[in-house]
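The values are calculated or read from the model by the stated rules, or taken from the named source; none is laboratory data. Remember, it's a predicted structure, so these values are computed and weren't measured experimentally. Cβ coordinates were reconstructed from backbone atoms using ideal geometry, including for glycine residues, and neighbour counts include every protein chain displayed.
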Amino acid sequence: SPSDPDLVERARAAKEKLGDKVFVLGHHYQRDEVIQFADVTGDSFKLARDAAARPEAEYIVFCGVHFMAESADILTGDDQKVVLPDLAAGCSMADMATAEQVAECWDVLTEAGIADVTVPVSYMNSSADIKAFTGRHGGTICTSSNARRALDWAFEQGEKVLFLPDQHLGRNTAVRDMGMSLEDCVVYNPHKPNGGLTAEELRGAKMILWRGHCSVHGRFSLDSVNEVRERVPGVNVLVHPECRHEVVAAADYVGSTEYIIKTLEAAPAGSKWAIGTELNLVRRLANRFADEGKEIMFLDRTVCFCSTMNRIDLPHLVWALESLAEGNLVNRIQVDPETERFAKLALERMLALP
Ligand code: 13P
Ligand code: SF4
């Protein structure tokens, strides 16, 4: 939908009034009406890396979801305040691993005698508590753009990986990119005693995958891939690694949101692409590349927006910017110092990956 011109003008005016005091970051899944005000756009990795790029900005307005704002707070100084325009912008995947559940899982691994040789690798899409757990136990954070490198690193530190909380990214990276077999992976279900696994099964596994997933990407199916290939001869299927394994295995290209954009930038005119990721991004790319004769379509028309990403809309952004311009610090995301210390360790390990 086209953005309300009055709200656009108010956002512009508030941002201008704030000047260098504000730095607006926007994830690729944000609405067009919001992304137009971002100083930097990116995938989760780029936004984590760039969060500290403007140390002179007093406010970082994060147009994305809660775990991203937390990570920005962890990676920036105490004098920089991170603001999330709607506090209800969470992530259902991140919510699938709580600190209590993960502590219990570590006890299960300890009882099975494998905690000493297991390295936690946690997807960026997790709470600061989970990142702190990861840092405390010698592990690293990863995003969809460096999961392979994070796993290579982890297997140099230990024999097994506990991958949190996205089973699909963990499995896809291990099997598709690293040549492990599906049998090397087991799924730990936090809702079952001992994760639903025997000590024997745990000891036999290389990858212990947490039973979490993305509700948006989880809806793309092998049928979606087969159907689009039938309907559009010569189509290239490009999907995000949060998709299920059979979808990723059937796709031509797999990567993060930034990778998806770069791939389409490099694609020749006349090529056709079916994209398996969030709808705001796919629509934006379809419009952007239409003039260049690249035909970009949604992999499955029944899959929709990420509802929590979409919570950040223009009214919330205007409210946040105007409040800050009037000197009212609203919706601050602040991680407590103890959690921050260990979460930062894990995030810095990721940033230092080769
Ligand atoms: P990337 O932008 O890192 O590809 O992540 C996608 C995502 O689901 C963020 O929530
Ligand atoms: Fe979370 Fe999926 Fe939305 Fe990304 S797309 S924020 S993983 S629910």
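Meeting the requirement of 2 or more residues that are free of Cβ contacts under 8 Å to residues at least 40 places away in the same chain, the helices (runs of 4 or more DSSP H) wholly within the stretch 122-180 are 147-157.
Can Ala97 be described as within 16 Å of ligand 2 (Cβ to nearest atom) and either modelled with pLDDT under 95 or of a type in the set (Gly, Ala, Ser) (or both)? Steps first, answer last, please.
Details: within 16 Å of ligand 2 (Cβ to nearest atom): yes; either modelled with pLDDT under 95 or of a type in the set (Gly, Ala, Ser) (or both): yes.
Taking the combined requirement at face value, the residue satisfies it.
In the set Leu209, Leu164, only one residue is buried (at least 21 other Cβ atoms within 10 Å of the Cβ), more than 16 Å from ligand 1 (Cβ to nearest atom), closer than 28 Å to Trp106 by Cα and at pLDDT 95 or above; that residue is Leu209.
So which of Val239, Val282 is farther than 30 Å from Tyr59 by Cα and either at pLDDT 95 or above or surrounded by 17 or more Cβ atoms within 10 Å (Cβ to Cβ) (or both)?
Working: Val282 fails: farther than 30 Å from Tyr59 by Cα.
Exactly one residue qualifies, and that residue is Val239.
The residues of the stretch 212-235 that are away from ligand 1 (no atom under 16 Å from the Cβ) and buried (at least 18 other Cβ atoms within 10 Å of the Cβ), listed by number, are Ser221, Ser224, Val225, Val228, Val235.
Looking only at residues of the stretch 324-337 that are of a type in the set (D, E, K, R) and free of Cβ contacts under 8 Å to residues at least 60 places away in the same chain, we find that the one that is nearest to Ala57 (Cα to Cα) is Glu326.
Tell me, please, whether a residue that is surrounded by fewer than 17 Cβ atoms within 10 Å (Cβ to Cβ) and either more than 15 Å from ligand 2 (Cβ to nearest atom) or assigned by TED's automatic domain parsing to the domain that holds Ser145 (or both) can be found in the stretch 67-75. Don't jump to the end; show me each part of the working.
Our first condition is that a residue be surrounded by fewer than 17 Cβ atoms within 10 Å (Cβ to Cβ); within the stretch 67-75, this holds for none.
No, the stretch 67-75 contains no residue that is surrounded by fewer than 17 Cβ atoms within 10 Å (Cβ to Cβ) and either more than 15 Å from ligand 2 (Cβ to nearest atom) or assigned by TED's automatic domain parsing to the domain that holds Ser145 (or both).
Name the helices (runs of 4 or more DSSP H) wholly within the stretch 1-91 that hold at least 3 residues that are within 16 Å of ligand 1 (Cβ to nearest atom)? Write out each step before concluding.
Numbers: elements: 5-18, 32-35, 44-50, 66-75.
Answer list for the stretch 1-91: 44-50, 66-75.
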